[in-house]
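Peer 1: To start, I am sharing the structure in question, which I have written as structure tokens.
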Amino acid sequence: MFCSEMAGMLTDIAVWREPWNRLYQMHGEYICNSLMAGSWADRSPLHDAAFQGRLLTLKTLIAQGFNVNIMTIDRMSPLHDACLGGHVACAKVLLENGANVNSVTVDGITPLYNACCSGSAACVNVLLEYGSIPQPDGQLASPVYEATKRGHRECMELLLANGVNIDLEIPQTGTPLYVACTFQRTDCVKKLLQLGANVHKGRLQDTPLHAAARKSSAKVVEMLIDYGADVKSRNSEGNRPVEVCAPNTAVERALLLREGPTALTQLCRLCIRQCLGRLRLHKLSSLDLPDRLKEFLLYR
């Protein structure tokens, strides 16, 4: 009888943990650090409903008087869980009932960071509507870093559109463009360059081109050079991008080919874009110029 009871209990635990295991497979290291360290036992039914996206259960629990800002030992709120699971309907219900949109865990994680981790642009949008701070204090984890690192371009764009500095340099990670190059997120690199990100600014003296060369990403290397990256720039160790890439690769060939004089057409394009400035690049398409010239200036 004892064995059968124990087997039943183990089965219940396995069923309860199953959704957590699924999310762990998606966000391994973060989940390990932020959810599983000492917070299993003190998770409330509200946390569980929010994390699994069970909207009706969530509403019922709130109606029964559960505090929407109830915290685990690690200060994880139900809103953190809803955003980590990408459940925008649950996040919105919690916010409508007074959830703290800028609550912070012991690890410096905000709900906005979790929404960027899951890649839910809908969650990011609703959090911003309710007053989430797009770029928290420097001591807290950076949402734009997480969105860019994971290649969640839409989340990244929403943050940039809501006041996050496109050239924000975090000492440990660098600028968003540097992060995108480091993790080879081509779509994010392209969008950041289109929006006017500083192609020379990376992490300290290491440029985005150094990061792309180091990762052997030929497509990103060529894109950066087209937007004006300096192939002769040197990092803190005195190395040029060609000196940090793997030998006999497409990246090395691309860098060596671009070490000569820059084409006049390219110089003109860079000069015009620089004169316009980042904040006016979006007006290029409305200039009274031939379509082919506008397409050239817009890299289309």
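Peer 1: Among the numbered criteria (1) in contact with a Gly (Cβ under 8 Å, 6 or more places away or on another chain); (2) modelled with pLDDT under 95, which single criterion is violated by residue 120?
Peer 2: (2)
Peer 1: Identify, from the list 280, 292, the residue that is open to solvent by 90 Å² or more (accessible area, probe 1.4 Å) and at pLDDT 85 or above.
Peer 2: On the way: 280 fails: at pLDDT 85 or above.
One residue alone meets the criteria, 292.
Peer 1: Oh, and also: Helices (runs of 4 or more DSSP H) wholly in the range 196-290 with at least 3 residues that are under 17 Å from residue 300 (Cα atoms) - which ones?
Peer 2: Counting at least 3 such residues, we get 218-226, 264-276.
Peer 1: Just to be sure, is residue 123 in contact (Cβ under 8 Å) with a residue 40 or more places away in the chain and within 20 Å of residue 80 (Cβ to Cβ)? Outline the logic, then answer.
Peer 2: Working: in contact (Cβ under 8 Å) with a residue 40 or more places away in the chain: yes; within 20 Å of residue 80 (Cβ to Cβ): yes.
In short, yes.
Peer 1: Of (1) over 22 Å from the mean Cα position of the chain (by Cα); (2) of a type in the set (Asp, Glu); (3) modelled with pLDDT of 90 or more, residue 81 satisfies all except one. Which?
Peer 2: (1)
Peer 1: Which condition from (1) without any contact (Cβ under 8 Å) to a residue 40 or more places away in the chain; (2) part of a loop (DSSP other than H, G, I, E, B) is the one that residue 166 breaks?
Peer 2: (1)
Peer 1: With the checklist (1) in a loop (DSSP other than H, G, I, E, B); (2) crowded, with 23+ Cβ neighbours inside 10 Å in hand, flag the one item residue 184 doesn't pass.
Peer 2: (2)
Peer 1: Can you pull out the residues in the range 96-141 that are more than 18 Å from the chain's Cα centre (by Cα) and closer than 17 Å to residue 154 by Cβ?
Peer 2: Matches in the range 96-141: 129 only.
Peer 1: Residues to consider are 250, 263; find the one that is surrounded by 12 or more Cβ atoms within 10 Å (Cβ to Cβ), out of contact with any Leu (no Cβ under 9 Å at 6 or more places or on another chain) and among the hydrophobic types (A, V, I, L, M, F, W, C).
Peer 2: Numbers: 263 fails: surrounded by 12 or more Cβ atoms within 10 Å (Cβ to Cβ).
Criteria check complete, one pass: 250.
Peer 1: Only one of 106, 101 is within 20 Å of residue 138 (Cβ to Cβ) and modelled with pLDDT under 95; which?
Peer 2: Values: 101 fails: modelled with pLDDT under 95.
None of the other options fit; the residue is 106.
Peer 1: Hey, another quick one. Filtering the range 192-207 down to residues that are among the charged types (D, E, K, R) and buried (at least 21 other Cβ atoms within 10 Å of the Cβ), which residue is farthest from residue 171 (Cα to Cα)? Write out each step before concluding.
Peer 2: Of the residues in the range 192-207, the ones among the charged types (D, E, K, R) are 201, 203, 206.
Next cut, buried (at least 21 other Cβ atoms within 10 Å of the Cβ) only: 203, 206.
Numbers: 203: 7, 206: 11 Å.
So, considering only residues that are among the charged types (D, E, K, R) and buried (at least 21 other Cβ atoms within 10 Å of the Cβ), the one farthest from residue 171 (Cα to Cα) is 206.
Peer 1: Further, regarding this structure: Could you check, for the range 151-164, whether at least one of its residues is farther than 17 Å from residue 120 by Cα and modelled with pLDDT under 95?
Peer 2: To start, the set of residues in the range 151-164 that are farther than 17 Å from residue 120 by Cα comprises 163-164.
Then drop every residue that is not modelled with pLDDT under 95, which leaves 163-164.
Yes, there is a match, as at least one residue in the range 151-164 is farther than 17 Å from residue 120 by Cα and modelled with pLDDT under 95.
Peer 1: Let me ask another. Could you please find all residues in the range 88-102 being farther than 11 Å from residue 78 by Cβ, of a type outside the set (Gly, Ala, Ser) and surrounded by fewer than 17 Cβ atoms within 10 Å (Cβ to Cβ)?
Peer 2: Kept after step one, since they are farther than 11 Å from residue 78 by Cβ, are these residues of the range 88-102: 88-89, 92, 96, 98, 101-102.
Of the ones still in play, those that are also of a type outside the set (Gly, Ala, Ser) are 88, 92, 96, 101-102.
Matches in the range 88-102: 96, 102.
Peer 1: Those residues that are under 14 Å from residue 174 (Cα atoms) and surrounded by fewer than 18 Cβ atoms within 10 Å (Cβ to Cβ), I need them from the range 125-150; list them, please.
Peer 2: Hit for the range 125-150 is 138, nothing else.
Peer 1: Further question: Those residues that are open to solvent by 10 Å² or more (accessible area, probe 1.4 Å), farther than 16 Å from residue 104 by Cα and either polar (S, T, N, Q) or touching a Ser or Thr at 6+ places or on another chain (Cβ under 9 Å) (or both), I need them from the range 45-87; list them, please.
Peer 2: Once the filter is applied, which keeps residues that are open to solvent by 10 Å² or more (accessible area, probe 1.4 Å), farther than 16 Å from residue 104 by Cα and either polar (S, T, N, Q) or touching a Ser or Thr at 6+ places or on another chain (Cβ under 9 Å) (or both), the range 45-87 yields 45, 48, 52, 57, 60, 61, 64, 66, 67, 85, 86, 87.
The values are calculated or read from the model by the stated rules, or taken from the named source; none is laboratory data. Given the structure is predicted, the values throughout are model-derived calculations rather than measurements. Every residue, glycine among them, receives a Cβ derived from its backbone with ideal geometry; neighbour counts consider all protein chains shown. These area figures cover heavy atoms from the full protein model, side chains too; ligands, DNA and RNA do not enter into them. Shrake-Rupley method; radii C 1.70, N 1.55, O 1.52, S 1.80 Å.
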